[in-house]
Every structure is written in C-alpha cells, then in structure tokens.
C-alpha cells in the first residue's frame with residue numbers, strides 16, 4: 001500500500017484533500033503561532049474547546065503549526081492530562097494519593113463504580129459520568145476526596161458518595177425535564 005503525500009502534507013495515505021477545519025481553534029493557533037514551545041498549551045486549549053483530542057484534531061494542529069503529526073501525537077500521549085475519547089458531562093476524579101488510600105479510597109471507588117455501573121476510565125452509557133482515578137488532588141486533610149467537575153467533596157463515606165451521585169443525577173434529570 002503506497003502512502004502518497006497530499007497537498008496538506010500529512011503523508012498518511014488518507015483520502016482527504018484537506019483536513020477538516022476546527023474553526024474554534026483558529027484564534028488559539030494565531031495567538032501561539034510565533035511562540036516557541038507552545039505545543040502543550042495549544043493541545044490544552046484544544047482539549048478545553050473540544051473536550052478531548054481526536055486524531056483529526058491532532059492532525060489539524062500538526063498541519064497548522066508545521067509540527068509533525070508524530071511529534072504532536074507523541075507529546076499528547078506522553079502527558080496524562082490529555083484525553084482521546086469524549087468524557088461525560090460530570091468528570092469524577094477520585095484521589096488515590098497516600099492519605100486517601102489509607103482512609104478508604106478503594107472502598108469509595110467501589111461505591112462509585114457500583115452506583116454508576118462503570119469501571120475506572122469509563123463513561124456511563126447515558127454520557128453523564130466519567131470516572132478517573134488521579135494520583136493526588138492536593139486535599140489530603142479532607143481524605144478520602146473526589147472532585148466532580150470543579151466541586152471538591154471530602155471526608156467521603158459510602159453513604160455520602162451515594163447521596164452526592166443521586167443529587168447530581170436528580171439535578172440533571174430536572175434540568176433535562178425543563179428543556
């Protein structure tokens with residue numbers, strides 16, 4: 001199978017004459033166009049805008065920045081902050097640091113997995129929740145702790161976790177019902 005280089009220079013053998021534009025990223029690319037070493041920042045901004053880094057999005061960034069797709073992909077896959085799949089409306093980050101570990105993080109993880117019927121790294125079928133274990137949230141005095149989007153929940157117990165998740169589900173259901 002031959003890999004021809006298309007006018008966009010990807011050399012990937014794809015059939016696209018042009019890569020799909022990601023218009024919401026244009027201002028970011030212009031802002032960092034002449035800033036050496038800004039690839040990580042561009043990837044962070046792209047993830048903020050689109051929620052995750054698709055392969056097409058990384059190819060677009062490579063094309064627009066004149067950085068090889070191999071380097072863009074290599075940087076993105078090296079850092080754990082980058083996601084390659086969409087996440088749920090609510091990102092549950094469960095701390096697995098030492099203080100949380102010794103204070104029951106594993107038990108909290110089991111409650112979350114049972115309640116949401118997902119495993120670490122998965123998203124619920126309805127797209128509402130994604131569960132990610134993280135090394136440390138920096139809230140050791142509140143252990144065990146989790147963050148859901150921008151809200152921190154500490155001194156967790158199984159019942160407290162169930163109540164938090166139920167409250168979020170009910171809030172989401174009522175918001176959906178109002179639409």
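The values are calculated or read from the model by the stated rules, or taken from the named source; none is laboratory data. On a predicted model such as this, the values are computed, not experimentally measured, just so you know. FYI the Cβ positions are ideal-geometry reconstructions off the backbone, even for glycines, and counts take in every protein chain you see.
If you go through segment 135-162 and keep only what is loosely packed, with under 12 Cβ neighbours inside 10 Å and outside any loop (DSSP other than H, G, I, E, B), you end up with 141, 151, 159. Within segment 72-112, restricting attention to residues that are assigned to a helix (DSSP H, G or I) and touching a strand residue (DSSP E or B) at 6+ places or on another chain (Cβ under 7 Å), the residue that is nearest to residue 130 (Cα to Cα) is 112. When 154, 177 are screened for being over 25 Å from residue 84 (Cα atoms) and not assigned by TED's automatic domain parsing to the domain that holds residue 106, only 177 passes.
With respect to residue 53, is the statement that it is under 30 Å from residue 118 (Cα atoms), in contact with a helix residue (DSSP H, G or I) (Cβ under 6 Å, 6 or more places away or on another chain) and in a loop (DSSP other than H, G, I, E, B) true?
Working: under 30 Å from residue 118 (Cα atoms): yes; in contact with a helix residue (DSSP H, G or I) (Cβ under 6 Å, 6 or more places away or on another chain): yes; in a loop (DSSP other than H, G, I, E, B): yes.
Answer is yes for this residue.
The lone criterion from (1) part of a loop (DSSP other than H, G, I, E, B); (2) over 25 Å from residue 50 (Cβ atoms) left unmet by residue 127 is number (2). Whenever a residue of segment 157-179 is closer than 17 Å to residue 106 by Cβ, its partners that are assigned to a helix (DSSP H, G or I), lying with C-beta atoms within less than 7 angstrom and at least six residues away or across chains, give the pairs 158/107; 158/111; 161/108; 161/111; 161/112; 162/111; 162/115.
Residue-wise test of (1) farther than 17 Å from residue 155 by Cα; (2) in contact with a helix residue (DSSP H, G or I) (Cβ under 9 Å, 6 or more places away or on another chain); (3) at pLDDT below 95; (4) crowded, with 16+ Cβ neighbours inside 10 Å.
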residue: 77; (1), (2), (3), (4): yes, no, yes, no
residue: 85; (1), (2), (3), (4): yes, no, yes, no
residue: 92; (1), (2), (3), (4): no, yes, no, yes
residue: 98; (1), (2), (3), (4): no, yes, no, no
residue: 109; (1), (2), (3), (4): no, no, no, yes
residue: 115; (1), (2), (3), (4): yes, yes, no, yes
residue: 118; (1), (2), (3), (4): yes, yes, no, yes
residue: 127; (1), (2), (3), (4): yes, no, yes, no
